[in-house]
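Notes to accompany the following structure.
The values are calculated or read from the model by the stated rules, or taken from the named source; none is laboratory data. Model, not experiment: these values are computed from the prediction. We place every Cβ from the backbone using ideal geometry, glycine too, and count neighbours over all the protein chains shown.
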Amino acid sequence: MNQDLLNTAKSAAQEAGKIILSALDQPRIPDFKGRTDLVTETDRRCEEVIISYIKKKFPDHAVLAEESGAYDSASEYEWVIDPLDGTTNFVHGYSSFGVSIGCMKNGHPEIGVVLELPSRRFFTAVSGAGAFADGNPIHVSNNSKLNTSLLVTGFGYDHGKKWEANMALFKTFTDITQGVRRLGAAAVDLCHVACGMADGFWEFDLHPWDTAAGILILSEAGGTITQMDGKAFNIYNKQVLATNGKIHNAMLVHTRPVLDTFNLRDV
Ligand code: IPD
Ligand code: CA
Ligand code: CA
């Protein structure tokens, strides 16, 4: 079964990837879900194509997709889809976006694929069977010190309290690490930790489709994922701390007080 799920996810992501790459040669006019929350025809088209792949193969499975919402069913399987993660980058032609498809079984990630674009690097994982980039096994970094770490984060579209808290953390971590990057595609950021390019990632305002595939890829690559206060993470939690495991506690030392200062525990 898992191989069927993985193959379906891979084919669907590859098809969406072709649509996204071919759209880079054309004008990309966004609609606005919020002042800075963009969506394009390409997001919608990719989502349709991905869902039609899944429904053809697994008509009874439930689906949760960013642009069209939830298709409920009594199935133990639920596909969680971000047809284009990093839409703002895509619109501007900035090179960090991708397709993220996760399949949950009874609420736990079973399959994850993230196709990073425009590089076409393909991250895949099956629960219990390791994580891969373009078919080669990947592992998190061995870095165990914050002062030699490279971190990555993202900022949600709502410029409220969480955004301010993230600014505070951005400063804190920039001061004590080798750098913090803010690339703009959360699923891709998680994969960058999984393959050891970055040592840790945190973000406040994520959605299930941002994390469903990436957290499986990261945990299968040996990483640790919790909420920012250290509690267990599931894809319905909005804030995440995802690291190589070795710097996890050192990051929690800084994230916990910021949650308290901004009264953001359990959000
Ligand atoms: C966004 C990206 C971004 C993150 C936002 C997400 P979208 O996804 O992953 O990096 O900071 O929180 O919403 O809207 O481009 O699919
Ligand atoms: Ca996203
Ligand atoms: Ca998206």
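Quick notes
- Number of the exception - PRO257 against (1) touching a helix residue (DSSP H, G or I) at 6+ places or on another chain (Cβ under 8 Å); (2) closer than 17 Å to LYS171 by Cβ; (3) modelled with pLDDT of 95 or more: (1)
- Scanning the range 1-32 for residues that are touching a strand residue (DSSP E or B) at 6+ places or on another chain (Cβ under 7 Å), touching a residue at least 60 places away in the same chain (Cβ under 8 Å) and not in a helix (DSSP H, G or I) yields a single hit, PRO30.
- For beta carbons closer than 7 Å, sequence separation of 6+ or different chains, a first residue in the range 249-263 that is among the β-branched types (Val, Ile, Thr) and a second that is modelled with pLDDT of 95 or more, the qualifying pairs are THR255/LEU169; THR255/TRP202; THR255/MET228; THR255/LEU241; VAL258/ALA165; VAL258/ALA168; VAL258/LEU169.
- Options ALA13, ALA65; residue that is in contact with a helix residue (DSSP H, G or I) (Cβ under 6 Å, 6 or more places away or on another chain), assigned by TED's automatic domain parsing to the domain that holds VAL126, surrounded by 14 or more Cβ atoms within 10 Å (Cβ to Cβ) and of a type in the set (A, V, I, L, M): ALA65
- Selection within the range 100-110 - touching a residue at least 24 places away in the same chain (Cβ under 8 Å) and either under 14 Å from THR211 (Cβ atoms) or within 10 Å of ligand 2 (Cβ to nearest atom) (or both): SER100, ILE101, GLY102, CYS103, MET104, GLY107, PRO109
- Residue list for the range 168-191, filter: under 10 Å from the mean Cα position of the chain (by Cα) and more than 11 Å from ligand 1 (Cβ to nearest atom): CYS191
- Among the candidates GLY130, GLY135, GLY93, residue that is on the phi > 0 side of the Ramachandran plot and in contact with a strand residue (DSSP E or B) (Cβ under 7 Å, 6 or more places away or on another chain): GLY130
- Restricting the first member to the range 209-227 and to residues that are more than 20 Å from ASP134 (Cβ to Cβ), and the second to residues that are away from ligand 3 (no atom under 16 Å from the Cβ) and part of a helix (DSSP H, G or I), the beta-carbon pairs closer than 7 Å and six or more apart or on different chains are THR224/HIS248; ILE225/ILE215; ILE225/LEU218; ILE225/SER219.
- Flag not set for ASP134, criterion: within 16 Å of ligand 3 (Cβ to nearest atom) and either outside the structural domain of ILE20 (by TED's automatic domain parsing) or without any contact (Cβ under 8 Å) to a residue 40 or more places away in the chain (or both).
Each row is one residue, and each column tells you yes or no for (1) at pLDDT 95 or above; (2) surrounded by fewer than 23 Cβ atoms within 10 Å (Cβ to Cβ); (3) at positive phi.
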{"site": "HIS139", "(1), (2), (3)": "yes, yes, no"}
{"site": "PHE170", "(1), (2), (3)": "yes, yes, no"}
{"site": "ILE176", "(1), (2), (3)": "yes, yes, no"}
{"site": "ARG181", "(1), (2), (3)": "yes, yes, no"}
{"site": "GLY196", "(1), (2), (3)": "yes, yes, yes"}
{"site": "PHE201", "(1), (2), (3)": "yes, no, no"}
{"site": "LEU218", "(1), (2), (3)": "yes, no, no"}
{"site": "GLN227", "(1), (2), (3)": "yes, yes, no"}
{"site": "ASN249", "(1), (2), (3)": "yes, yes, no"}
